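The values are calculated or read from the model by the stated rules, or taken from the named source; none is laboratory data. All values derive from a computational prediction rather than experimental measurement. Quick reminder, even Gly has a Cβ in these numbers, built from the backbone with ideal geometry, and neighbours come from all protein chains shown. These accessible areas exclude ligands, DNA and RNA; they are computed on the full protein's heavy atoms, side chains included. Shrake-Rupley method; radii C 1.70, N 1.55, O 1.52, S 1.80 Å.
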Amino acid sequence: MQDLLDNALARIGAAQTDEELEAVRVEVLGRKGVLAQLSKDMGKLTPDERVARGKFINASKQALETAYDQKKSVFDRAALAKRLDSEWMDLTVPAAGVPPGSLHPVTQIQWEIEDLFRSMGFTVLDGPEVETEFHNFDALNIPADHPARDMQDTFWLDGGQGGAGGYLLRTHTSPVQVRGMEKLGPPLRMIAPGRVFRNESVDASHEHTFYQLEGMMIDREVSVGHLIYFMKTLLTAIFKKDVTVRLRPGYFPFVEPGFELDIRCLICGGAGCPVCKQSGWVELLPCGLVNPHVLRKSGIDPAEWNGFAFGLGLTRLVMMRYAIDDIRWLQSGDLRFLRQF
Ligand code: DAH
């Protein structure tokens, strides 16, 4: 009996590989193994012999298992060491780091224009996106029954339209003119970039959400000459190249006279495309001299002060500068688009 056990222990000790050890285990500890053989003739033994045999079997089982576990752990450790060797990595190599994001193209151009106007003595103002009907329309000389309201259909909040008491998502940045005049008074040089909203059918050149940049200068003797000077300075700084512009009369209730400053479409070069609605020109900079009614509504005496105002289409400007042919890219959140800037 002791021979059987010694032999089995020796074979465990002699196993060279994990596979060999496994084969020995089945032979020794399995159903036909040493322990099974030792138990086979139990029935023929006397009670005393059976007790002794039982003790021997238990002790053998322990001895074999211990020997097996020890050997196994040697192989496991070797396997682990091998794996660690193959998976070695250099922990001193500097981490790749989180790739920095980039500013949205609208933000980039907005910041450029802010810097430019700040350098010319303008203040940068911010206004609410949820605006009062008064600031968005009435104070800008657009009363409830004015047809200009139809061109700027938007999203009304509870309480709705009518009586200058409602709230709405602002349709343009022009209400910040009113807020600027109310808060700072004349003389005033301000710009106000921001997000605006309209109830539009979305297509390549229309979005329900887009960006404008409002500008206003109030002083004692402001003329169309000043207006044109600032508009030219702005366009030269943005495009850094000659762009063809045209100035034509335009109607906006809050300016008089009012103009549309268009630029030759930079997407198609003037041949016609969806962005310029096949006209070759893009309306970019509506502007004019501030209507005296608007000054009066904001508490400024038009006999003493006058000024100019403009409402730059910031989103459109971005499209022109980077030749983006579909406005929907800008709000798409598509990283393939955004990573280009
Ligand atoms: N707020 C006008 C719009 O969104 C644009 C505009 C026109 C702004 C003339 C101005 C301006 O300041 O003088 O259609």
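Can you give the Rg/Rh ratio of segment 1-157, where Rg is from the C-alpha atoms and Rh is the Kirkwood radius?
Answer for segment 1-157: 1.72.
Please report, in debye to the nearest 20, how large the charge dipole of the chain is about its Cα centre when each Lys and Arg carries +1 at its beta carbon and each Asp and Glu carries -1 there.
It comes to approximately 920 debye.
Tell me the Kirkwood hydrodynamic radius of the chain in angstroms, computed as one over the mean inverse distance between distinct C-alpha pairs.
Taking every pair of different Cα atoms in the chain, averaging 1/r and inverting gives 26.5 Å.
For a test of the definition: using alpha carbon positions, the gyration tensor, and the 1.5 limit on a/c, classify segment 41-83 as rounded, prolate or oblate.
prolate
How big is the charge dipole of segment 211-319 about its Cα centre, in debye rounded to the nearest 20, if each Lys and Arg gets +1 on its Cβ and each Asp and Glu gets -1 on its Cβ?
The dipole magnitude comes to about 420 debye.
Just name one of SER332, ILE218, LEU234: the one whose Cα is farthest towards the positive end of the charge dipole of segment 194-341 (beta-carbon charges, Lys/Arg +1, Asp/Glu -1).
So the residue furthest toward the plus end is SER332.
Hey, in the GNM for the chain with a 10 angstrom Cα cutoff, which one of LEU213, LEU64, LEU168 fluctuates hardest?
Comparing LEU213, LEU64, LEU168 in a Gaussian network model of the chain, the most mobile one is LEU64.
Specify the inter-centroid distance of segment 6-42 and segment 178-232, based on alpha-carbon positions, in whole Å.
91
For a quick check, take a GNM of the chain with Cα springs below 10 Å and name the residue from THR171, THR92, THR132 with the largest mean-square fluctuation.
Evaluated over the chain, the most mobile residue of the options is THR92.
Rg to Rh ratio, segment 176-311, alpha-carbon atoms and Kirkwood radius?
1.00
Roll a 1.4 Å probe over the protein chains and send me the accessible area per residue for the chain in Å².
Here the residues of the chain average 55 Å² of exposed surface.
Could you run the Karplus curve 6.51 cos²θ - 1.76 cosθ + 1.60 with θ = phi - 60° over segment 271-285 and give me ³J(HN,Hα) per residue in whole Hz, x for Gly and Pro?
In residue order, the calculated couplings are 6, x, 7, x, 5, 9, 6, 6, 8, x, 10, 10, 6, 10, 9 Hz.
May I ask you to give the percent of accessible area on the chain that is carbon plus sulfur, with a probe radius of 1.4 Å?
Solvent-exposed carbon and sulfur of the chain make up 54 percent of the total.
With springs connecting C-alpha atoms under 10 Å apart, model the chain as a Gaussian network and identify which of PHE75, PHE239, PHE155 has the largest mean-square fluctuation.
Residue with maximal mean-square fluctuation among PHE75, PHE239, PHE155: PHE75.
I'd like the isolated cysteines in the chain, meaning no second cysteine's beta-carbon lies under 4.7 angstrom from theirs.
Unpaired cysteines in the chain: CYS287.
Rounded if a/c is under 1.5, else prolate if a/b beats b/c, else oblate: with a ≥ b ≥ c from the C-alpha gyration tensor eigenvalues square-rooted, which is segment 93-194?
oblate
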